[in-house]
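Chemist: Quick one: the structure is below, questions incoming.
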Amino acid sequence: MQLLLHDFTSLDQQFNSMGYDIFLMPKTRDEEKAYRITLCEEKNTDLSETFTFFHSGEVGENGLKQVEAILAIDLSAFKRSPANYMLDTGELEYSLYLAEEQNDTIKIAQIKVQIEQAKVDWDKSYDTDHRGWTLLTEMRQVVQTLIQKMEEQPDFGKHIKDAEGWGDYFLVKPSQRKYGEQRLINDLQNLLATMDCMEAEGVEYVGFVGM
């Protein structure tokens, strides 16, 4: 699954100055489908680094919440985090490391059983556990509505508090995506294009994942 996640992340996304990126994850474990989605996504421009800041609330005084209030839109779909996008046995692996350091053979055996059971449980529940995921159709509607509201109120960005240095990001006129000219509307249009790639492969659920 780690390899599968890597397939969805471009080199630009992996190594921005934050060392952290946000991207839209399709809910699928089909590696061939994932590969086709990746090829399709490569035709589109990646989400900008500024979108990561915006999504995390670092643009202005939590710009995401302010955009919700100014444009009267519910962006809760942006804030959800898929609970099971990948198998997480980090705590168990660390406990195993400590047990091995102590040469505690009984505990080592117990933890290894727990890790294997966690893998079985994750595999069984992946397709039915949708906690934190959003229907692709819902996410598309949210993005389309946000674009519409931005176009109806193109000067909304000036109302965002503490957004010095970020103001251009909220301009509605799309940029050519040159350095320093990222626009929220560009990122939203790229999200729509990405969802087209996913929908073409039968993906039903998506979610924002940070790496």
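Chemist: Quick check: anything in region 78-95 open to solvent by less than 100 Å² (accessible area, probe 1.4 Å), more than 25 Å from PHE23 (Cβ to Cβ) and not in a helix (DSSP H, G or I)?
Modeler: no
Chemist: Going through region 45-74 one residue at a time, which ones are in contact with an Asp or Glu (Cβ under 6 Å, 6 or more places away or on another chain) and closer than 21 Å to GLU151 by Cβ?
Modeler: LEU47, SER48, PHE51, GLY60 - these are the residues of region 45-74 that are in contact with an Asp or Glu (Cβ under 6 Å, 6 or more places away or on another chain) and closer than 21 Å to GLU151 by Cβ.
Chemist: Could you list, ordered by first residue, the pairs with Cβ atoms under 9 Å in which the first is in region 137-155 and in contact (Cβ under 8 Å) with a residue 40 or more places away in the chain and the second is small (Gly, Ala, Ser) and assigned to a helix (DSSP H, G or I), at least 6 apart or interchain?
Modeler: As it stands, the answer is GLU138/ALA77; MET139/ALA77; VAL142/SER76; VAL142/ALA77; VAL143/ALA77; MET150/GLY157, since those pairs meet every condition given.
Chemist: Separate question: Quick check on this structure: which one of LYS107, LYS65 is basic (Lys, Arg) and within 19 Å of PHE208 (Cβ to Cβ)?
Modeler: LYS65
Chemist: Restricting the first residue to region 42-59 and requiring it to be assigned to a helix (DSSP H, G or I), which pairs with a second residue that is of a type in the set (D, E, K, R) meet a Cβ separation below 6 Å and a spacing of at least six or different chains?
Modeler: The qualifying pairs are PHE51/ASP187; THR52/ASP21.
Chemist: Out of all the residues in region 159-167, is one or more among the aromatic types (Phe, Trp, Tyr) and modelled with pLDDT of 90 or more?
Modeler: Looking for residues that are among the aromatic types (Phe, Trp, Tyr) and modelled with pLDDT of 90 or more, one finds none in region 159-167, hence no.
Chemist: In addition: Which residue pairs have Cβ atoms closer than 8 Å, lie 6 or more positions apart in sequence or on different chains, and pair a first residue in region 79-90 that is under 17 Å from PRO26 (Cβ atoms) with a second residue that is at pLDDT 90 or above and of a type in the set (Asp, Glu)?
Modeler: The qualifying pairs are ALA83/ASP129; ASN84/ASP129.
Chemist: Considering only region 31-70, state which residues are of a type in the set (A, V, I, L, M) and over 15 Å from ASN186 (Cβ atoms).
Modeler: ALA34, ILE37, LEU39, LEU64, VAL67, ALA69, ILE70
Chemist: Something else now. State whether one or more residues within region 40-47 are surrounded by 17 or more Cβ atoms within 10 Å (Cβ to Cβ) and at pLDDT 90 or above.
Modeler: No; the residues of region 40-47 include none that is surrounded by 17 or more Cβ atoms within 10 Å (Cβ to Cβ) and at pLDDT 90 or above.
Residues checked against (1) modelled with pLDDT of 90 or more; (2) within 23 Å of the chain's Cα centre (by Cα); (3) not charged (D, E, K, R):
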| position | (1), (2), (3) |
| --- | --- |
| LEU146 | yes, yes, yes |
| MET150 | yes, yes, yes |
| SER175 | no, yes, yes |
| GLU181 | no, yes, no |
| LEU188 | yes, yes, yes |
| ALA200 | yes, yes, yes |
| PHE208 | yes, yes, yes |
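Chemist: Which of the residues spanning region 88-121 are within 30 Å of ALA77 (Cβ to Cβ) and either over 21 Å from the mean Cα position of the chain (by Cα) or modelled with pLDDT of 90 or more (or both)?
Modeler: GLU91, ALA118, LYS119, ASP121
The values are calculated or read from the model by the stated rules, or taken from the named source; none is laboratory data. Keep in mind that this is a model prediction, so the values were computed, not measured. Methodologically, a virtual Cβ is constructed for each residue, glycine included, from the backbone with ideal geometry; neighbour enumeration extends over all protein chains shown. Please note that ligands, DNA and RNA were not included when accessible areas were found on the heavy atoms of the full protein model with its side chains. Shrake-Rupley method; radii C 1.70, N 1.55, O 1.52, S 1.80 Å.
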